[in-house]
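Notes follow once the structure below has been shown.
Only the coordinates and a few stated rules stand behind these numbers; no lab work does. Keep in mind that what you see is a predicted model, and the values were worked out from it rather than measured. Cβ sites come from the backbone with ideal geometry, for glycine too, and all protein chains shown count toward neighbours.
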Ligand code: SF4
């Protein structure tokens, strides 16, 4: 794996966000406090801080340049080859981005490990959308799958995620990546569901490996993700799966209501599960306001209240 050395990637069209401008806070090498088995970057020793990184001025100038070249940027996505919250000037950076972002939204993609650091917690409150990973709740699974830097405490992460969810006025999304024979066991799924219910994020994205991983691990099937989504009753679950199988069926009004009572379905779920007559039934339920549509950072959910 080689690194581009470029702070900016994109703008790239994103199905969820329109035009997204990516900001890489570790463009020259991987700097992460995890070394996840499924990482799409090369294996690397974990670190607890970045040693090589662009200055705030360099990042801001690069964003400004992109804004001059591309008139319509909908979202600025702050990420890294590694963990973006290890960037030592993150608070200053988001303050400066918020001064120049105009109508664009800000999004940060983090592994969630630093949420119990009070300063980072407060910094994250300044992003329009915060997306954090939570792959395991048991310590054994967390250490095995995410190969964490010494001293990172999963209990504190979950507690801080609950506080963050109760504090933020913006969008808070969780992401869980399932890996075969690791966090797809019933016991771990139940622990994750209990934690997710307490955290109560605006949305949970569940997915699996879809690029060559750093270690010899395997993805779970789409059916496994669907089963997990059904276990996560009442949660806004978005199944992120490339080339998901299309299996449309005909559902009665009662069946549509019962499915939506179990869990909200995304527009993509509807496209893949509902035949034309079922879609019409759903449309009528929306017209009657028995079903509402909500937008969670670009993902549309159909939900019964
Ligand atoms: S947190 Fe992200 S960058 Fe870090 S090892 Fe895991 S997958 Fe890779």
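Each Cα pair under 8 Å and six or more residues apart adds its sequence gap; the mean of these over the residue count of segment 246-305 is a relative contact order of 40 percent.
Summary of packing: across the peptides 106-116, 51-61, the per-residue average of other C-beta atoms within 10 Å ranks them, highest first, as 106-116, 51-61. The value of relative contact order for segment 69-172, using C-alpha pairs under 8 Å at least six residues apart, is 26 percent. Principal-axis analysis of the Cα atoms of the chain puts helix 90-100 at an angle of about 70° to the longest axis. Taken along its principal axes, the alpha carbon cloud of the chain reaches lengths of 58, 46, 36 Å, longest axis first. Using the average count of surrounding beta-carbon atoms within 10 Å as a protection proxy, the listed peptides 188-198, 214-224 rank, highest first, as 188-198, 214-224.
Averaged over residues, the count of other Cβ atoms within 10 Å places the peptides 137-146, 282-291 in the sequence 137-146, 282-291, highest first.
Note on the chain: GNM, Cα springs under 10 Å; of 147, 211, 263, the largest mean-square fluctuation is that of 211. Rounded to the nearest 500, the helix-only mean residue ellipticity at 222 nm of the chain stands at -10500 deg cm²/dmol, with each DSSP H run of n ≥ 4 adding -39,500 (n - 2.57). Decide, for segment 246-305, between rounded, prolate and oblate: order the square roots of the alpha carbon gyration tensor eigenvalues as a ≥ b ≥ c, take rounded if a/c falls under 1.5, and otherwise choose prolate if a/b is larger than b/c, else oblate. Verdict is oblate for segment 246-305. Among 181, 74, the order by Cβ neighbours within 10 angstrom, fewest to most, reads 181, 74. From least to most packed, judged by other beta carbons within 10 angstrom and beginning with the fewest, 184, 24 follow the order 184, 24.
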